[in-house]
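Just below is one structure, and these are the notes that go with it.
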Amino acid sequence: PDSPAGFTEGDRKVVYWPILGKVFEYDLESDPNENNAMIVEAVEAEQIKKDIVRWRNLTQMGISPKQCANELVFSHWQIFCAGQKAWAYYIP
């Protein structure tokens with residue numbers, strides 16, 4: 001829940017950073033390397049935060065700790081975990 005999450009709409013990329021409590025926006029047409037983040041204004045940022053948190057809550061996957069060392073999900077993702085940390089690798 002503390003890692004960044006976001007979305008793209010056309011040339012606009014929006015990223016919410018929970019640890020910072022901020023929402024950033026990038027113009028991918030003029031800044032394709034995402035070097036110049038713009039802070040999203042408070043009213044719009046609050047709605048974006050709510051939408052992303054809602055999306056995260058609806059799309060979480062529960063994997064048993066006993067299975068997560070060797071679990072293949074969605075046909076192409078190998079997942080691993082250790083304690084409270086988990087990661088995944090894409091397998092083409």
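Some observations on this one:
- Ranking by accessible area, most exposed first, for L28, L20 with a 1.4 Å probe: L20, L28
- Length gained when the stretch V43-Y90 is fully extended (0.36 nm per residue, less Cα-Cα span): 13.3 nm
- Annotation: amide H-H contacts under 5 Å for A5 (H modelled 1.01 Å from N, sequence separation of 5 or more, or interchain): Y16.
- The H on the amide N of D31, modeled in the peptide plane, is under 5 Å from the matching H of no residue at least 5 residues off or on a different chain.
- Amide H to amide H distances under 5 Å link V40 with V23, F24, E25, where only residues 5 or more positions off or on other chains count and H is placed in the peptide plane.
- Packing-based ranking, highest mean first, of 30-39, 5-14 given that Cβ atoms within 10 Å are counted: 5-14, 30-39
The values are calculated or read from the model by the stated rules, or taken from the named source; none is laboratory data. The shown structure was predicted, so the numbers you read here are calculated from the model rather than taken from an experiment. Neighbour counts run over all protein chains shown; Cβ positions are idealised from the backbone, glycine included. The protein model used for the area step is the full one, side chains on, heavy atoms only, and it has no ligands, DNA or RNA in it. Shrake-Rupley method; radii C 1.70, N 1.55, O 1.52, S 1.80 Å.
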